[in-house]
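None of the figures in this text is laboratory data; all of them are computed from the coordinates on show. Bear in mind the structure is a predicted one, so any value in this text is a computation, not a measurement. In this analysis, Cβ positions are derived from the backbone assuming ideal geometry, glycine residues included, and neighbour counts consider all displayed protein chains.
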Amino acid sequence: MQKGNMPYDNQQLLLTKYEKDKLLLESPTAIKFLKRIVGSKEFIQKIERWCLWIKSEELIEANKIPAIARRIQNVREFRLSKSDAGARRLAERP
């Protein structure tokens, strides 16, 4: 495996515990769009990380939260800036 799971997100979809806590302090309703992520590094080193997880039918609701809307827009812009056609296609659904 060379790349594994590569979200092409410019570190906007994965959050540290601090980022998650800050988001929830600003917008408690954002909890609905967060899932804990545990890979081998997180498990072994006891690192807490979170992922923005937004279903297509929840996108309008998620975009009402300014901090989430900014992250979604940042992902779109990042993906569009890439020369990789696959990354650019991902911009259609950041």
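The table below lists the values:
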{"read-out": "For the chain, size of Cβ-based charge dipole, Lys and Arg +1, Asp and Glu -1, in debye", "value": "180 debye"}
{"read-out": "Stretch gain in nm, segment residue 48-residue 81, where the contour uses 0.36 nm per residue and the Cα spacing is subtracted", "value": "8.9 nm"}
{"read-out": "Lysines with Cα under 17 Å of residue 55, excluding same-chain neighbours fewer than 8 positions away", "value": "32, 35, 64"}
{"read-out": "Förster-model FRET efficiency, 22 Å R0, residue 55 and residue 27, C-beta, rounded to 0.05", "value": "0.80"}
{"read-out": "For the chain, calculated [θ]222 nm from helices alone, where every DSSP H run of n ≥ 4 adds -39500 (n - 2.57)", "value": "-12000 deg cm²/dmol"}
{"read-out": "Given (i) 13.9, 38; (ii) 11.9, 34; (iii) 16.4, 53, the label whose value is Rg and Dmax of the Cα atoms in Å derived from this model", "value": "(i)"}
{"read-out": "Neighbour-count ranking [beta-carbon atoms within 10 angstrom, fewest first] of 64, 35, 82", "value": "35, 64, 82"}
{"read-out": "Cross-link reach list, aspartates and glutamates versus residue 82, counting only Cα pairs under 19 Å and skipping chain neighbours closer than eight places", "value": "9, 92"}
{"read-out": "Qualifying chymotrypsin sites (Phe, Trp or Tyr not before Pro) in the range 46-94, DSSP loop, other Cβ atoms within 10 Å at most 15", "value": "53"}
